[in-house]
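Student: One structure coming up, written as structure tokens, with questions to follow.
The values are calculated or read from the model by the stated rules, or taken from the named source; none is laboratory data. Computed from a prediction, not measured in an experiment: that's the story for all the values here. Counting neighbours? That spans all protein chains shown, and the Cβs are built from the backbone with ideal geometry, glycine included.
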Amino acid sequence: MGFSIKALREKLSKTTNRISTGIKSVLPKGAKINDELLDELEEVLITADIGPEAAMRIIEDARKEYHGGKITRAEQLEEMITSTAVKILEDTFPPRESVERPNPMVIMMVGVNGTGKTTTIAKMSKYYKNQGRSVLLAASDTFRAAAVEQLNLWADRVGVDIVKHGQNSDPAAVAYDAVNAAKSRGRDVVIIDTAGRLHTKSNLMEELKKIKRVAGKAFEGAPHEILLVIDGTTGQNGLSQIKLFDEAVGLTGLVLTKMDGTAKGGVVLAAATEYKIPVRYIGFGETAEDFDLFDPEKFVKAIFRQ
């Protein structure tokens with residue numbers, strides 16, 4: 001199940017080419033390692049949107065191994081970079097066995113306009129349906145009639161239930177009704193859409209807090225996931241979104257979209273290093289199949305082409 005490393009590499013080709021070209025420029029095959037080379041490599045990683053903190057950690061680990069006499073050649077260093085990058089990403093994930101699956105599992109989707117949030121919800125719905133789990137959508141973006149219509153269209157297309165109210169109705173009330181509807185209908189997953197908003201607007205952030213509180217009243221512990229949808233093409237600019245949304249509602253994960261159209265996929269490592277929030281899903285293109293669980297090892301092996 002899921003994309004192979006080869007398929008992922010093709011979808012992430014812009015990021016892969018940017019990172020691998022940069023690494024090869026300072027680390028040709030057979031090159032001898034020294035401190036100057038490691039400094040150059042650190043600069044390459046930073047400019048590839050991996051971010052200073054992740055780049056420093058990768059190079060610090062490499063420097064320790066080099067001074068300890070454990071790595072001397074380019075090939076060994078490339079393996080070291082890959083393994084450290086995987087560890088950075090895996091450190092953000094809770095142990096698999098500790099993750100309980102409530103029923104219904106309530107997922108709240110947040111993000112700014114234009115990130116592909118509605119399309120992502122459709123892809124997630126299809127993903128869960130393929131797992132044999134029933135899905136119900138909550139149309140809590142009530143301020144734009146087009147948003148409800150678009151979500152309704154996707155619900156019909158994917159074949160899932162939807163709960164919606166009239167335009168300008170209380171978004172939290174929609175979420176409350178949706179969670180109760182899922183409980184009464186025996187649905188496995190509830191996905192709450194919210195209005196795409198500027199993360200700098202405090203009144204709109206307060207609305208997200210209310211949706212979160214009200215979902216918890218409908219079902220204790222809900223929402224079980226609060227996922228921020230980030231447009232992968234924004235690169236480092238996405239980090240400020242993570243900070244502000246996390247401060248407002250407490251993020252449990254990220255969904256990276258449009259990853260096929262960007263050379264800035266290294267931001268995944270920057271986000272993991274700075275905020276310790278895992279990437280849960282990764283999306284490409286527009287079709288419902290261009291979506292998968294995020295696999296740290298596959299992702300790293302795809303972007304650090306050896």
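Student: Do you know which residues across the range 164-196 are among the hydrophobic types (A, V, I, L, M, F, W, C) and either out of contact with any strand residue (DSSP E or B) (no Cβ under 9 Å at 6 or more places or on another chain) or surrounded by fewer than 23 Cβ atoms within 10 Å (Cβ to Cβ) (or both)? Please lay out each step first, then the result.
Tutor: Start the filter on the range 164-196 by keeping residues that are among the hydrophobic types (A, V, I, L, M, F, W, C), which leaves 172-175, 178-179, 181-182, 189-192, 195.
Selection gives A172, A173, A181, A195.
Student: Evaluate the range 85-92: report whether one residue or more is surrounded by 13 or more Cβ atoms within 10 Å (Cβ to Cβ), touching a residue at least 12 places away in the same chain (Cβ under 8 Å), farther than 16 Å from V300 by Cα and not β-branched (V, I, T).
Tutor: Of the range 85-92, the ones surrounded by 13 or more Cβ atoms within 10 Å (Cβ to Cβ) are 85-90, 92.
Subset that is touching a residue at least 12 places away in the same chain (Cβ under 8 Å): 85-86, 88-90, 92.
Okay, now just the ones that are also farther than 16 Å from V300 by Cα, so none.
Checked against the condition, which is being surrounded by 13 or more Cβ atoms within 10 Å (Cβ to Cβ), touching a residue at least 12 places away in the same chain (Cβ under 8 Å), farther than 16 Å from V300 by Cα and not β-branched (V, I, T), the range 85-92 yields no hits at all.
Student: Applying the selection to the range 283-293, what residues are surrounded by fewer than 20 Cβ atoms within 10 Å (Cβ to Cβ) and assigned to a loop (DSSP other than H, G, I, E, B)? Can you show your working first?
Tutor: Just the residues of the range 283-293 that are surrounded by fewer than 20 Cβ atoms within 10 Å (Cβ to Cβ), to begin with: 285-290, 292-293.
Correct list: G285, E286, T287, A288, E289, D290.
Student: Still on this model: From the list L208, L227, pick out the single residue that is closer than 14 Å to V279 by Cα and among the hydrophobic types (A, V, I, L, M, F, W, C). Full working, then the answer.
Tutor: Numbers: L208 fails: closer than 14 Å to V279 by Cα.
Every option except L227 fails the conditions.
Student: Let me ask something else about it. Looking only at the range 105-154, which residues are under 25 Å from G2 (Cβ atoms) and among the small types (G, A, S)?
Tutor: G111, G116, A122, S125, G132, S134
Student: Taking the range 116-144 as the search range and keeping residues that are in contact with a Lys or Arg (Cβ under 8 Å, 6 or more places away or on another chain) and over 20 Å from N180 (Cβ atoms), which one is surrounded by the fewest Cβ atoms within 10 Å (Cβ to Cβ)?
Tutor: My answer is G116.
Student: Is it true that some residue in the range 249-265 is among the polar types (S, T, N, Q), closer than 26 Å to D170 by Cα, modelled with pLDDT of 90 or more and surrounded by 19 or more Cβ atoms within 10 Å (Cβ to Cβ)? Talk me through it step by step, then tell me what you get.
Tutor: Initial filter on the range 249-265 (among the polar types (S, T, N, Q)): 252, 257, 262.
So of that shortlist, the ones also closer than 26 Å to D170 by Cα come out as 252.
Next, from what is left, pick out any that are modelled with pLDDT of 90 or more: 252.
Restricting the remaining residues to those that are surrounded by 19 or more Cβ atoms within 10 Å (Cβ to Cβ) gives none.
For the range 249-265, residues among the polar types (S, T, N, Q), closer than 26 Å to D170 by Cα, modelled with pLDDT of 90 or more and surrounded by 19 or more Cβ atoms within 10 Å (Cβ to Cβ): absent.
Student: Looking only at helices (runs of 4 or more DSSP H) that lie completely in the range 11-68, which have at least 1 residues being of a type in the set (S, T, Y)?
Tutor: Details: elements: 13-26, 35-45, 52-67.
The helices (runs of 4 or more DSSP H) meeting that bar are 13-26, 52-67.
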